[in-house]
Amino acid sequence: MDKKGLSEITKSITDLIMPFVFMFGLYLLFFGHLSPGGGFAAGVILAGVFILITLAFGKGGVEIYINRERSHLFEAAGALLFLFVACSGIFTGKGFFTNVLHQEFGSRYFRFLSGGNIVLYNIGIALKVMAGLFMVFFILSVTRVVLEGTKLKMRRRK
Amino acid sequence: MIYFFVFLLFAIGLYGVCCKRNIVKMIVGFTLLDYSVFLFLIMIGYRKDGQAPILDRKSLLDVFVKQSVDPLPQALVLTAIVIGLAVTALMVALAVRIYERYGTFDITNIKKLKG
Amino acid sequence: MVEIILIVLMSFMLIAALIALESRDLLSSIVSLGAVGFMISLVFLFLGAPDIAIVQVVVDILTLVILIRATISRDLHPVEDIRGFFPFAVLLVLLIILTVFGLETMHYLPKFGTSMSRVAEYYLAHGLVETGAANIVSAIILDYRGYDTLGEATVLFTAVVGAVAILRRKAKQDG
Amino acid sequence: MEIKLLPFFVILPMLGAFVILLLNALIKNEARYTITDILSNVIVFILFVLSLSVWNKTGFYIVGGWRPPIGISLILDRFSGFLLIIVNLVAAASALYSVSYMSRYTARRYYYALFLLMIAGMNGVLLTGDMFNLFVFMEIATISSYALVAFGTEAEELEASFKYMVMGNLAGAFILFGLGLIYSRYGLLHIAQLSSLIVERDPLVKFAFFLFLAGFSVKAAIIPFHAWLPDAHPSAPAPISAMLSGVLIKALGVYVLVRIFFVLFPEPLVRTLFLHLAGISLLAGVLLALGQMDMKRLFAYHSISQVGYIMLGFGLGTPLGVTGAVYHLLNHSLFKSLLFLNSGAVYYRTGTRDLEKLGGLNQVMPFTGASTLIGSFSIAGLPPFNGFFSKFIIILACWQSGHPWFTLIAVLGSVLTLASFLKVEKFAFFGPLRQEWKDVKEVPVFMISSMVFLALLCIATSLLFLPGLREKILLPAAEAALNAEAYRSILP
């Protein structure tokens, strides 16, 4: 086994619990308006899942999925989704932040779609928070200050 | 009386920010300062043995309105916590960069600027 | 009953906060900061704010991870403190003003547990009907005061872009 | 009445920032730099045109359809409309300037994203009618300015940005604490309705008053809280220090101070406090600036003293005084951003900001020399230029309302400003041309056009002194700033 990442035990534990943490994050995301939770908590937990993988399996594990450019993409996409759903009120002439979907067919309560725009907002925020925070962690963990001669240099860790 | 703890935590946070030489200790001080303000905001909204402001199928509306805690400070704190996280992340990025340029976290010998 | 639990938890929190600032080793100060964060999320649970408790726990974990990541491979020798006289004076002045004003306002604040905001009654009563969300806090942050959350999502976006801009390796074109 | 346009002042810059990052993540070839430049300049120009179209209008916009105490609403009155134009004007000039200035830096997409988000933050602060929303948008503007100050990641810039961040965060915590106090007593956050509720002056309200004053005067760099400005502004890239000094300390500091303390706590104590704080910062700023040999630090110290002039005008509270303050606010935004852009041009070509090393640049950089001359004479307050007229109105108002000491301070401040700007002119632009600057060429066309644009505006605004124009442009803005009743009646 290559020595990257943490010890063997942590790796196997991560394998075990990672799906459950991911499931919990998705639960918070999609049922944010019916039970405690919401876009932010879900986004941070999902970012935590990727951080866990990077910590346990070393940088290579995740790099193929999420590198710097792709997390920029997800972050900007999440933010644009949120802004677009917020502006949907303007396009339909009702005003900036109106809950368009709810007024259309939000009659039944305690349903998945009963919140109207709220679920879409949650998805946009979660996507943005996940990508953004993971990128901050990824860059912080990748750059290490290495002492080269007298000068300290920021080096990208191989 | 219970607000006394909030003022105390605020004072500890201020102490951490003003009198600590190490940048990371200052960041810890700032986080404590933020925590005390969030605690204060939520304590304002608390109602005597109130329940969480989340409805479910069985709860009656008028009992719910009488019983539950004030939801507005919670919305404010939710936003403020993420602002606090954003500021902490930026400060840590700055601290790493300062360490790279100055070689130390100690603020007293980071004095390149002309006063 | 709740007050007693809160007072006990908060006194532990104050002790942990002092340890966080006074401990000589950076790592233990960060870990005790984490302890303060978890205790605060417990207090939030007792104050009837499950949403905030979840977000607080998760954000606290993330602050710990970022802080440890930034300091683990650096500057771990013990840290001597107290930055000379001037900052102490600034702190004393601020503290005096705060305590003078603070003690007076203590008994002007509404007694603990008697929150009486008119706006809150409206949210609680009409939240489900008007926005369809059973979790009134989500209703507020995403529908009644959605503009706040737009601003707030942008704050996080700005901080991430700012942190990435600061941490890029080559800042100027000609070095 | 309802203005449909108001939310676009915040949506457009945010949309621009998100789209810029999206495009740069998708496109890989060289074309993305020009696309980023064009996109951000187009968006900033559209914002400027929008702000002109909303000029002299009062109105509101109810976000999400929920009336004020429940939801958030945007409120525009003549005073915030006036500031909106200034913010977007200086932003347009800086965006044009940074097209060629930022070619020296890498990662231009982050620069433009942060620049647009700073504009979104300032526009958001100017428009909201809700206290907590004002705090959130203020955080957006300040966080993007922290990152932009440290954009060049040199040693000084990082330290300056860290010092700025320490003070900014303290201010943020104080403001949030004050907000909590006000909410615990009155239960709602809409400024207009709060002002009619806050009647009694017991310790809780005084404590919140003190916390707000401390927090927002850090943003306005008023004297006891000014320590971050002389370090932060010089180390930022030139277009950003022009934005910081020109508009950020006004939109986030002076506007919010005037709005909160004339609407929420309207009593004479506030005015005398402004007066004294302004007097001290006016004198201290000028005295500290005398000894400076670094061009940008000298300009930064003068920003503190000029903000002192503006707060002096607002502190007087008389219609003439407030008109002078609003007029000086406009003038200072123009000539201070012009001066910072000039110092950027000098740095762009000579690589140094130290006055001793410079000399006789007029012969090699005619446009920069001319616009610096106009800027220096305007800030020093020489007759034909706009600085003279606005300072004249403030000094006149000071004298009429019977404050001899403050009149003396104002006149003394103006004389010392003239002295230090003559020093700048003598060292940097006149006198013999040094050997090493022989082959220095003029700056690229984008930088020249934005500097000349601001210089012409400096000359044009001196016409505002004429009675005809003054009533039409300055007086309505001054009325709106002074009159809390009008602000409440827009959206009760």
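The values are calculated or read from the model by the stated rules, or taken from the named source; none is laboratory data. This is a predicted model, so every value here is computed, not measured. Neighbour counts run over all protein chains shown; Cβ positions are idealised from the backbone, glycine included.
Quick notes on this structure:
- Tally, over the range A:68-100, of residues that are touching a helix residue (DSSP H, G or I) at 6+ places or on another chain (Cβ under 6 Å), among the aromatic types (Phe, Trp, Tyr) and more than 30 Å from A:Phe138 (Cα to Cα): 2
- With respect to the conditions (1) within 8 Å of chain D (Cβ to nearest Cβ); (2) under 24 Å from the mean Cα position of the chain (by Cα); (3) assigned to a helix (DSSP H, G or I); (4) of a type outside the set (Asp, Glu), C:Val160 lacks only one, and its number is (1).
- Counting residues in the range D:23-44 that are touching a strand residue (DSSP E or B) at 6+ places or on another chain (Cβ under 8 Å), part of a loop (DSSP other than H, G, I, E, B) and at the interface with chain A (Cβ under 9 Å from one of its Cβ atoms) gives zero.
- Among the residues making up the range B:45-80, those that are hydrophobic (A, V, I, L, M, F, W, C) and surrounded by fewer than 24 Cβ atoms within 10 Å (Cβ to Cβ) are B:Ala52, B:Ile54, B:Leu55, B:Leu60, B:Leu61, B:Val63, B:Phe64, B:Val65.
- Test: D:Gln363 is surrounded by fewer than 20 Cβ atoms within 10 Å (Cβ to Cβ), more than 22 Å from D:Ala477 (Cα to Cα) and out of contact with any Ser or Thr (no Cβ under 6 Å at 6 or more places or on another chain): yes
- Filter result for C:Val65 (modelled with pLDDT of 75 or more, away from chain D (no Cβ under 12 Å) and either buried (at least 16 other Cβ atoms within 10 Å of the Cβ) or assigned to a helix (DSSP H, G or I) (or both)): yes
- Test: residue in the range D:108-115 that is surrounded by 22 or more Cβ atoms within 10 Å (Cβ to Cβ), under 19 Å from the mean Cα position of the chain (by Cα) and not hydroxyl-bearing (Ser, Thr, Tyr): yes
- For the range D:131-170, residues that are more than 7 Å from chain C (Cβ to nearest Cβ), of a type in the set (S, T, N, Q) and touching a residue at least 40 places away in the same chain (Cβ under 8 Å) total 3.
- Test: residue in the range C:137-153 that is within 7 Å of another protein chain (Cβ to nearest Cβ), surrounded by 17 or more Cβ atoms within 10 Å (Cβ to Cβ), touching a residue at least 60 places away in the same chain (Cβ under 8 Å) and not in a loop (DSSP other than H, G, I, E, B): yes
- Test result for D:Leu96, surrounded by fewer than 21 Cβ atoms within 10 Å (Cβ to Cβ) and either assigned to a helix (DSSP H, G or I) or touching a helix residue (DSSP H, G or I) at 6+ places or on another chain (Cβ under 6 Å) (or both): no
- Scanning the range B:11-48 for residues that are closer than 13 Å to C:Ala17 by Cβ and more than 7 Å from every other protein chain (Cβ to nearest Cβ) returns B:Gly13, B:Ser36.
- Selection within the range C:111-127: residues that are in a loop (DSSP other than H, G, I, E, B) and out of contact with any helix residue (DSSP H, G or I) (no Cβ under 9 Å at 6 or more places or on another chain). The member of this set that is surrounded by the most Cβ atoms within 10 Å (Cβ to Cβ) is C:Met116.
- Residue in the range B:91-106 that is modelled with the highest pLDDT, counting only those that are in a helix (DSSP H, G or I) and more than 7 Å from chain C (Cβ to nearest Cβ): B:Met91
- Screening the candidates A:Gly124, A:Gly115, A:Gly132 for the property of being surrounded by 22 or more Cβ atoms within 10 Å (Cβ to Cβ), within 9 Å of another protein chain (Cβ to nearest Cβ) and under 24 Å from B:Ser59 (Cβ atoms) yields one hit, A:Gly115.
- Scanning the range B:58-90 for residues that are more than 7 Å from every other protein chain (Cβ to nearest Cβ) and not in a helix (DSSP H, G or I) yields a total of 3.
- Condition met for D:Gly315 (at pLDDT below 90, touching a Cys at 6+ places or on another chain (Cβ under 9 Å) and assigned to a helix (DSSP H, G or I)): no
- The lone criterion from (1) farther than 17 Å from B:Leu76 by Cα; (2) under 21 Å from the mean Cα position of the chain (by Cα); (3) small (Gly, Ala, Ser); (4) modelled with pLDDT under 90 left unmet by D:Ser100 is number (2).
Listed here are the residues, each with its yes/no results for (1) over 25 Å from D:Ala345 (Cβ atoms); (2) in contact with a strand residue (DSSP E or B) (Cβ under 8 Å, 6 or more places away or on another chain); (3) of a type outside the set (Lys, Arg).
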site: D:Leu264; (1), (2), (3): yes, no, yes
site: D:Leu269; (1), (2), (3): yes, no, yes
site: D:Leu283; (1), (2), (3): yes, no, yes
site: D:Met293; (1), (2), (3): no, yes, yes
site: D:Arg297; (1), (2), (3): no, no, no
site: D:Ser305; (1), (2), (3): no, no, yes
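- Long-range neighbours under 6 Å by Cβ, at least six apart or interchain, first residue assigned to a helix (DSSP H, G or I) within the range D:408-421, second polar (S, T, N, Q) and surrounded by 22 or more Cβ atoms within 10 Å (Cβ to Cβ): D:Gly413/D:Ser305; D:Phe421/D:Ser376
- So C:Glu130, is it within 30 Å of D:Gly152 (Cβ to Cβ), charged (D, E, K, R), within 10 Å of chain D (Cβ to nearest Cβ) and crowded, with 20+ Cβ neighbours inside 10 Å: no
- Residues of the range D:109-132 classified as part of a helix (DSSP H, G or I) and either farther than 14 Å from D:Ala147 by Cβ or small (Gly, Ala, Ser) (or both), total: 12
- Subset of the range C:10-37 [within 23 Å of C:Pro50 (Cβ to Cβ) and surrounded by fewer than 17 Cβ atoms within 10 Å (Cβ to Cβ)]: C:Phe12
- Only residues that are touching a helix residue (DSSP H, G or I) at 6+ places or on another chain (Cβ under 6 Å) and of a type in the set (Val, Ile, Thr) were counted in the range D:1-26, giving 2.
- Of all residues in the range A:135-158, those being surrounded by fewer than 20 Cβ atoms within 10 Å (Cβ to Cβ) and at pLDDT 70 or above number 2.
- In the range D:251-293, the residues that are modelled with pLDDT under 85 and among the charged types (D, E, K, R): D:Glu267, D:Arg271
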